[in-house]
Amino acid sequence: MTSGRLQIGPAELEVLRRPSTRPGAPTLLLLHGINNISPAAPFLDLLAAHGEVVAPSHPGFGKSPGPGDRDTMYDLVHLYRGVLDALPAEKVTLIGFSFGGWIAAELAAGGHPKLARLVLVDSFGIKLGGREERDFPHLFNTNPAELTRRAWHDPANCPPGSYGIGWHTAIGDAMSDEEMVVLARNWDSLCLYAWRPHLYNPQLGHWLHRIDVPTLVLWGAGDRIVTPDYGRAYAGLIPAAQFEAIEAAGHHPELERPQAFVDAVVRFLGKDAGKAASP
Amino acid sequence: MELWNHCENPYPFVPNEVLEEAESVRASLPNRYCDPRIVARLYDEVFDEYRLCDDLGLHIVTNEHHAGINNLWAANPVITGVVANITKKARILSLGTLITVRPDPVRIAEEYATIDILSKGRLEIGFVKSGATEMVSGDANPMRIREREWEAIDLIEKTLTTQDGPFSWEGKFFTHPHVNIWPRPYQQPRPDFWAATSDLPTCAELGRRGMVNTLLFGGYDRTRQAFDAYKKARAEAGLPPPGEDRFSYMAFAYVGDTDEEGLRIGQKIAWFLTVSIKSAPQFSKFQPGAVAPEMAPAAWRTGAARRPRPTNLDAEVLVGQGQMFAGNPDTVARQIKEFRTRVGGICHIIMMTRQGLVTHAEAEASFTRAARDVLPQLRDLPPVDGDETAWLARREAAAE
């Protein structure tokens, strides 16, 4: 795994890169969730066998500088359009996790000539329920112990150095000061982008039909933050989307079931575009 | 010096077992535990206390908190309007409505202009940054609240003082294309501005703007540091030294007939700290922006809340830390005079007396003693730090 920086206009992004050993392998642009992706996360090694992995940290996350006034979802979408422009590959598969799935869905709804495929993993981003129904808990107003209970099939499955929703309950002697500073930066930055409306764009659902690339909506079967039913409905709004659930995983299947997660992605990448469309 | 009465109108009537079970006594405690008939009685009592203070020569502070047992003044401008109507001569400080929570500062300026008219120019406008459970109750993003606070203050000031509008405002946090309030405020160009903060850069900005800086329970050292930052910023900006009327301090206070009574009843105020601030971690130390990221390890490892609070709640200890004034009238006058000297001069002492388990009758007795026997001892005191140049030289020498 290598790390570096990527300059997109005034924004400087920390980027994890993993070149693929396979010639002609697709480029996989990963948009992380509430926390930046740990270089030690096992799914990265597994994924890199099938594609070149590029995983930036959003502005204010990880060690990327803060967003300044570019602190809305609108800014993130334009930023990642810039990242797609800057990547040398002609075609890119976009994989968005959780909060990053929301960014990916927004970007794909707007379209980009390099976008070849889309994978949404336990993604936030749309409003489905009625005005008195929450589609998911308010991450900032809910006790971390409850978030942990909802987020994982088994919190013990979380690999060392990776943190998901409810990360606060992992605070202890095993966590370094440097990790805490990064988690605090991530939490503050997520709040800037996502406090209200909380983790969704009320208009996005109207435009998901514009997504014109094969799409895999991949979900942890045990996700009680954003339920599989929400994921199925999400997929139903995207014309060329298929839904797949990963058993024994919660909100972070890439962390809890890395091999099953990568297998699902690889199966999807192996399909040709025409056959991928099976709602 | 001037004495002010600040009452948060708490609600100490929820059963202890409910409070112990609840993860937070603010924001998330269901309002089925709030009996509106009890609240109506409390409103009557506290309004009577305000009338008494008005008669006695004490001034009045109102504020607001939301959705909790600590404060029943949720709609501050409504309450402050009532106070304007039931009093005749007291200054009235709104400290304040929550400008970082409310979406439209122009509406806030309208409310304050209205209250200034109702009181015929007795309003003082106070600003608080707010945070914690208030962000949750008001669905206000807890990030960037300091920038949001200053933009709101700027817009409120322009709204109150512009007489040739309409004007347009397109800021980072607020937009309003057509600002032109009727009525404009009674006081010209506007009521005085106050702000509650101990954040040193904010104190410095208050100094440059000439706003009244009030500290809440900061104790001797923190208060002195805050006021020093205020004075230093003015000196560095080439502005005249501030008068003591630019400085204010809120403390718990009980004036008894005897020292024993003052401390005994003062001890009942500590409910504010022991019970009414209980808050869940997601509303406090884990709220975004609660601590700077580089400070997170220290805050999270020690379990510290977003703001350090006194841990020893014995009334005598609170007195020793400068967070409570309590005793007989002479004792309280001596405590306040000592505090004034140690913080480098101060004009306004805000007494939090009707707090916790203190009763209506006890509060009225304390206010009567404060006005009759304490306040006269605080009039016409000699300057503490009259020579600003000498003050700066002393501080610089101390720093070296």
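The values are calculated or read from the model by the stated rules, or taken from the named source; none is laboratory data. Source: prediction; values computed, not measured. Cβ coordinates were reconstructed from backbone atoms using ideal geometry, including for glycine residues, and neighbour counts include every protein chain displayed. The accessibility values were calculated without ligands, DNA or RNA, using every heavy atom of the protein model including side chains. Shrake-Rupley method; radii C 1.70, N 1.55, O 1.52, S 1.80 Å.
Pairing each residue of region A:250-264 that is farther than 11 Å from A:Cys158 by Cα with any residue that is surrounded by fewer than 22 Cβ atoms within 10 Å (Cβ to Cβ), provided the two are 6+ apart or on different chains, yields C-beta distances under 7 Å for A:Gln259/A:Leu46; A:Val262/A:Leu46; A:Ala264/A:Glu244.
In this structure, is B:Arg234 over 19 Å from B:Ala333 (Cα atoms), in a helix (DSSP H, G or I) and at pLDDT 95 or above? Here the answer is yes, as B:Arg234 does meet what is asked.
In the set (1) of a type in the set (D, E, K, R); (2) within 9 Å of chain B (Cβ to nearest Cβ); (3) open to solvent by 30 Å² or more (accessible area, probe 1.4 Å), the condition left unmet by A:Arg150 is number (2). Farther than 15 Å from A:Ile95 by Cβ, modelled with pLDDT of 95 or more, in contact with a strand residue (DSSP E or B) (Cβ under 9 Å, 6 or more places away or on another chain) and open to solvent by 10 Å² or more (accessible area, probe 1.4 Å), is that true of A:Ala248? Spelling it out, A:Ala248 is indeed farther than 15 Å from A:Ile95 by Cβ, modelled with pLDDT of 95 or more, in contact with a strand residue (DSSP E or B) (Cβ under 9 Å, 6 or more places away or on another chain) and open to solvent by 10 Å² or more (accessible area, probe 1.4 Å).
Let's see how each residue does on (1) part of a loop (DSSP other than H, G, I, E, B); (2) within 19 Å of the chain's Cα centre (by Cα); (3) surrounded by fewer than 15 Cβ atoms within 10 Å (Cβ to Cβ):
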position: A:Leu120; (1), (2), (3): no, yes, no
position: A:Lys127; (1), (2), (3): yes, yes, no
position: A:Pro137; (1), (2), (3): yes, yes, no
position: A:Gly161; (1), (2), (3): yes, yes, yes
position: A:Thr169; (1), (2), (3): no, no, no
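Residue check: is A:Lys114 touching a strand residue (DSSP E or B) at 6+ places or on another chain (Cβ under 6 Å), without any contact (Cβ under 8 Å) to a residue 60 or more places away in the chain, over 27 Å from A:Asp69 (Cα atoms) and away from chain B (no Cβ under 14 Å)? So A:Lys114 fits the description; yes. Residues of region A:171-188 that are open to solvent by 10 Å² or more (accessible area, probe 1.4 Å) and either part of a helix (DSSP H, G or I) or facing chain B (nearest Cβ under 9 Å) (or both): A:Ile171, A:Gly172, A:Asp173, A:Ser176, A:Asp177, A:Glu178, A:Glu179, A:Val181, A:Val182, A:Arg185, A:Trp187, A:Asp188. Condition check: without any contact (Cβ under 8 Å) to a residue 40 or more places away in the chain, among the β-branched types (Val, Ile, Thr) and either away from chain A (no Cβ under 14 Å) or in contact with a Phe, Trp or Tyr (Cβ under 7 Å, 6 or more places away or on another chain) (or both). Does B:Val39 satisfy that? In short, yes. If you go through region B:118-172 and keep only what is open to solvent by 10 Å² or more (accessible area, probe 1.4 Å), over 18 Å from the mean Cα position of the chain (by Cα) and among the hydroxyl-bearing types (Ser, Thr, Tyr), you end up with B:Ser137, B:Thr161, B:Thr162, B:Ser168.
Say we look at region A:39-57 and pick out the residues that are open to solvent by less than 10 Å² (accessible area, probe 1.4 Å) and either assigned to a loop (DSSP other than H, G, I, E, B) or of a type in the set (S, T, N, Q) (or both); which of these is nearest to the other protein chains (Cβ to nearest Cβ)? Only one residue fits best here, namely A:Ser57.
Confirm whether B:Thr223 is hydroxyl-bearing (Ser, Thr, Tyr), more than 14 Å from chain A (Cβ to nearest Cβ) and open to solvent by 20 Å² or more (accessible area, probe 1.4 Å). Considered against the rule, which asks whether it is hydroxyl-bearing (Ser, Thr, Tyr), more than 14 Å from chain A (Cβ to nearest Cβ) and open to solvent by 20 Å² or more (accessible area, probe 1.4 Å), B:Thr223 comes out as no.
Among the residues of region B:286-301, the one identified as more than 8 Å from chain A (Cβ to nearest Cβ) and crowded, with 22+ Cβ neighbours inside 10 Å is B:Ala290. Those strands (runs of 3 or more DSSP E) of region B:86-204 in which at least 1 residues are in contact with a Ser or Thr (Cβ under 6 Å, 6 or more places away or on another chain), considering only elements entirely within it, cover B:92-95, B:123-128, B:175-179, B:193-196.
All of A:Tyr193, A:Tyr230 fail the test of being within 17 Å of the chain's Cα centre (by Cα) and either at the interface with another protein chain (Cβ under 9 Å from one of its Cβ atoms) or under 29 Å from A:Arg267 (Cα atoms) (or both), apart from A:Tyr230. Residue check: is B:Ala333 more than 14 Å from chain A (Cβ to nearest Cβ), open to solvent by 10 Å² or more (accessible area, probe 1.4 Å) and of a type in the set (A, V, I, L, M)? Taking the combined requirement at face value, the residue does not satisfy it.
Counting only residues that are open to solvent by 40 Å² or more (accessible area, probe 1.4 Å) and outside any helix (DSSP H, G or I), how many does region B:13-34 have?
To start, the set of residues in region B:13-34 that are open to solvent by 40 Å² or more (accessible area, probe 1.4 Å) comprises B:13, B:15-17, B:20-21, B:23, B:28, B:30-34.
Okay, now just the ones that are also outside any helix (DSSP H, G or I), so B:13, B:15, B:23, B:28, B:30, B:34.
Selection size over region B:13-34: 6.
Only a single criterion out of (1) at pLDDT 95 or above; (2) more than 14 Å from chain A (Cβ to nearest Cβ) is not satisfied by B:Glu147, namely (2). Applying the condition of being more than 14 Å from every other protein chain (Cβ to nearest Cβ) and open to solvent by less than 20 Å² (accessible area, probe 1.4 Å) to region A:58-76 and asking which residue is nearest to A:Ile34 (Cα to Cα) yields A:His58.
Annotation: of all residues in region B:94-131 being at pLDDT below 95 and in contact with a Lys or Arg (Cβ under 9 Å, 6 or more places away or on another chain), the one that is nearest to B:Val212 (Cα to Cα) is B:Lys129. When you check A:Ala156 against the structure, is it over 30 Å from A:His209 (Cα atoms) and at pLDDT below 95, yes or no? In short, no.
Within the bounds of region A:83-91, is there any residue that is modelled with pLDDT under 95 and of a type in the set (Lys, Arg)? No, region A:83-91 contains no residue that is modelled with pLDDT under 95 and of a type in the set (Lys, Arg). Say we look at region A:1-23 and pick out the residues that are over 16 Å from A:Pro39 (Cβ atoms) and among the hydroxyl-bearing types (Ser, Thr, Tyr); which of these is farthest from the chain's Cα centre (by Cα)? Once the filter is applied, the top-ranked residue is A:Thr21.
Reported count of residues in region B:173-211, each being over 17 Å from B:Glu147 (Cβ atoms), aromatic (Phe, Trp, Tyr) and surrounded by 15 or more Cβ atoms within 10 Å (Cβ to Cβ), is 3.
Within region A:71-97, the residues that satisfy the criterion of being part of a loop (DSSP other than H, G, I, E, B) and out of contact with any strand residue (DSSP E or B) (no Cβ under 7 Å at 6 or more places or on another chain) are A:Asp71, A:Thr72, A:Pro88, A:Glu90. Scanning region B:272-285 for residues that are open to solvent by 20 Å² or more (accessible area, probe 1.4 Å) and facing chain A (nearest Cβ under 7 Å) yields a count of 1.
Here A:Arg224, A:Arg210, A:Arg196 are screened, and the one residue that is open to solvent by 20 Å² or more (accessible area, probe 1.4 Å) and free of Cβ contacts under 8 Å to residues at least 40 places away in the same chain is A:Arg196.
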